[in-house]
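Engineer: So that we are looking at the same thing, I have put the structure below in structure tokens.
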Amino acid sequence: MKINMSMEKINNYLLNLCFFLIMLSISITLIDVKIARVSFFVACYISVFGVLIDKKNYKKFVKILPIPLLILGLSKIIWFYYFYNNAPDINLNTNYIQAGKRIIFCSIIIAYLLANLRNTNLNKKIIVFSVILSFIFSTIFAIYQIKIGLPRVELNTQATGAAYMYSCITLLLISYCLISAKKTISYIILSIIFLISFFIIIQTGTRTAIIFHPILFLILVFYASGRKVRLILSLSSIMITIAVGLFFKTEIIEKINTTNNEIAIYENSRGNEGSSLGARFSMWNAGMYSFYQSPMGASLEQRYSQMKSYTEKENKDRAALIFANIHLHNEIVDTLSLQGILGAIIVIFFYISMLVKSFREKNPMLLSVILCLIAYGLTEVIFVSREMSILFSLMILSALLLNRKEKIEE
């Protein structure tokens, strides 16, 4: 009896410590990457240990385990060992195997907390508070970077990743506000959050986020609010977008001109001269060529060789080779070129399953995260990035915890 009581105390201690570390990681992930990362991985090991010693909850844990996320992580590890198992200089620190491990750890944490964390108002308030802190801290840090004259807001990573992660955090917070708001002041605050976030995202100079952030906001407004509120928020968001556009007219025109110039450079040089947008076009073309050569997958070295052969044979898209050993700035193209058709099917299965889950469970928070993953995955490989894979996984966890429908314990 005493042993059982002691084990129960240990389980509760591990659970609370894991929950605290996850909330800490969410709160500071964009201002102190190192502490956020350490907190996340310590929470990972705690959750694994917690699962192993809590034998009575094995069935519940397995039932809750997010299979699509787990399969996504496993696919990257299986790909790595299939192509590199007999390699003489195997590098276990490659981005792809580490990405697979992080995703698997995230699936374990999600199942561990969903299976054991009580569905209380206090716990939900702690999660919301952590997301709010993340938004406030990153916004203040971004304003500081603007004030000291950085050309692009980077937060504590690089500008592109900062824009995508900041957008995801903001949209999850807005989604929660949409289903929780009961007074007019709540909708005013919600509009202010969108205004601030759009301003910060413009300061990152990330075109994909500048385009998709207001679009995703409108989608969430239409999905999560009533007809009257939907009309008011839609009109206000359109007005805010236009107002911000007019305020940053010079910067936006400059971005449009830069985009046109980069397209012209790409067309005139046949993709042999590098530019931000042109290099992406080159990578996607060369990546698809590599996929056609190896539809069931290839190693990084094989992909590079195939892409190089393509650029020499066609005398085009040489700019793709700059990033060929990193990633191809598109989740699907990158996966096709390395993991082949099966890998791409797994990614698409993950997207669809999360979309279906968000609609079936009426979870706008989860919808906000998966829409960000899909939209920003068009020009980035989210899960290869250590910071982005952790942040987006934590946002999935937050969305699931906030939307639990079972009876709330007081």
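The values are calculated or read from the model by the stated rules, or taken from the named source; none is laboratory data. Please read these numbers as outputs of a predicted model, since none were measured by experiment. A quick note on method: Cβ atoms are made from the backbone with ideal geometry, for glycine too, and the neighbour counts reach across all protein chains shown.
Engineer: Scan the stretch 358-385 for residues that are part of a helix (DSSP H, G or I) and more than 17 Å from the chain's Cα centre (by Cα) and jot them down.
Structural biologist: F359, R360, listed by residue number.
Engineer: Checking G278 against (1) under 15 Å from K316 (Cα atoms); (2) modelled with pLDDT of 85 or more; (3) of a type in the set (G, A, S), which single condition isn't satisfied?
Structural biologist: (2)
Engineer: Among (1) within 24 Å of T160 (Cβ to Cβ); (2) surrounded by fewer than 23 Cβ atoms within 10 Å (Cβ to Cβ); (3) of a type in the set (A, V, I, L, M, F, W, C); (4) not assigned by TED's automatic domain parsing to the domain that holds Y164, which single condition is I348 missing?
Structural biologist: (4)
Engineer: So which pairs qualify, if the first residue must be in the stretch 111-129 and buried (at least 20 other Cβ atoms within 10 Å of the Cβ), the second must be among the small types (G, A, S) and modelled with pLDDT of 90 or more, the Cβ gap must be under 6 Å, and the two must be at least 6 apart or on different chains?
Structural biologist: Pairs found: Y112/S47; I127/S398.
Engineer: Next question. Going through V221, V244 one at a time, which residue ends up being farther than 30 Å from A320 by Cα and either over 21 Å from the mean Cα position of the chain (by Cα) or surrounded by fewer than 17 Cβ atoms within 10 Å (Cβ to Cβ) (or both)?
Structural biologist: Result: V244 is the single residue among V221, V244 that is farther than 30 Å from A320 by Cα and either over 21 Å from the mean Cα position of the chain (by Cα) or surrounded by fewer than 17 Cβ atoms within 10 Å (Cβ to Cβ) (or both).
Engineer: In the stretch 25-61, what count of residues is obtained for those that are in contact (Cβ under 8 Å) with a residue 24 or more places away in the chain and either in contact with a Pro (Cβ under 8 Å, 6 or more places away or on another chain) or of a type outside the set (F, W, Y) (or both)?
Structural biologist: So the count comes out to 22.
Engineer: Another question, then. Identify all residues within the stretch 245-265 that are touching a residue at least 24 places away in the same chain (Cβ under 8 Å) and not β-branched (V, I, T); write none if there are none.
Structural biologist: Within the stretch 245-265, F248, E251, K255 meet the criteria.
Engineer: Continuing with the same structure: Within the bounds of the stretch 271-290, is there any residue that is among the acidic types (D, E) and assigned to a helix (DSSP H, G or I)?
Structural biologist: No, the stretch 271-290 contains no residue that is among the acidic types (D, E) and assigned to a helix (DSSP H, G or I).
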